[in-house]
Amino acid sequence: MIVGEPDLTIRDLLDHLDGKFAERSPEMNKLFTEHDQDYHPSLKEDGQVDFSGIKGLAWRDGGKFVLNFPRPFIKNLDDMPIPMHELLHCSATVALD
């Protein structure tokens, strides 16, 4: 579950799951460093994802509910990249009469 600021949390979670920190664009790296000066990837010594260090997540660890530290809000939404809507696949069509 995402708690608070979703944009960077979703990106951070996906990059952790896919192991794609090195593939982040300079603009995305700038967003992380400017909006969270304490940011660093949350990995265990063996390189596995440490979910407890990903800010903005709430999750279950067995029967225990875990609420991570909140992710700081993005100070200026103009810093966000323009969404690439062309990458979305829409299978629904609307019939106009």
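Of all residues in the stretch 3-27, those satisfying the criterion of being surrounded by 14 or more Cβ atoms within 10 Å (Cβ to Cβ) and either modelled with pLDDT of 90 or more or touching a helix residue (DSSP H, G or I) at 6+ places or on another chain (Cβ under 8 Å) (or both) are 3, 8, 9, 11, 12, 13, 15, 16, 21, 24.
Screening 69, 73 for residues that are assigned to a loop (DSSP other than H, G, I, E, B), modelled with pLDDT of 90 or more, surrounded by 10 or more Cβ atoms within 10 Å (Cβ to Cβ) and of a type outside the set (S, T, N, Q) leaves exactly one candidate, 69. Within the stretch 52-66, the set of residues being among the basic types (Lys, Arg) and either surrounded by fewer than 15 Cβ atoms within 10 Å (Cβ to Cβ) or at positive phi (or both) comprises 60, 64. Could you tell me which residue of the stretch 37-51 is most open to solvent (accessible area, probe 1.4 Å), considering only residues that are polar (S, T, N, Q) and modelled with pLDDT of 90 or more? Per the stated criteria, the residue is 48. The set of residues in the stretch 34-53 being of a type in the set (Asp, Glu) and in a loop (DSSP other than H, G, I, E, B) consists of 36, 38, 45, 46, 50.
The values are calculated or read from the model by the stated rules, or taken from the named source; none is laboratory data. The structure presented is a predicted model; accordingly, all values stated were derived computationally and were not measured. Neighbour counts run over all protein chains shown; Cβ positions are idealised from the backbone, glycine included. Ligands, DNA and RNA are stripped out before the accessible areas are found, and what is left, the full protein with its side chains, is counted by its heavy atoms. Shrake-Rupley method; radii C 1.70, N 1.55, O 1.52, S 1.80 Å.
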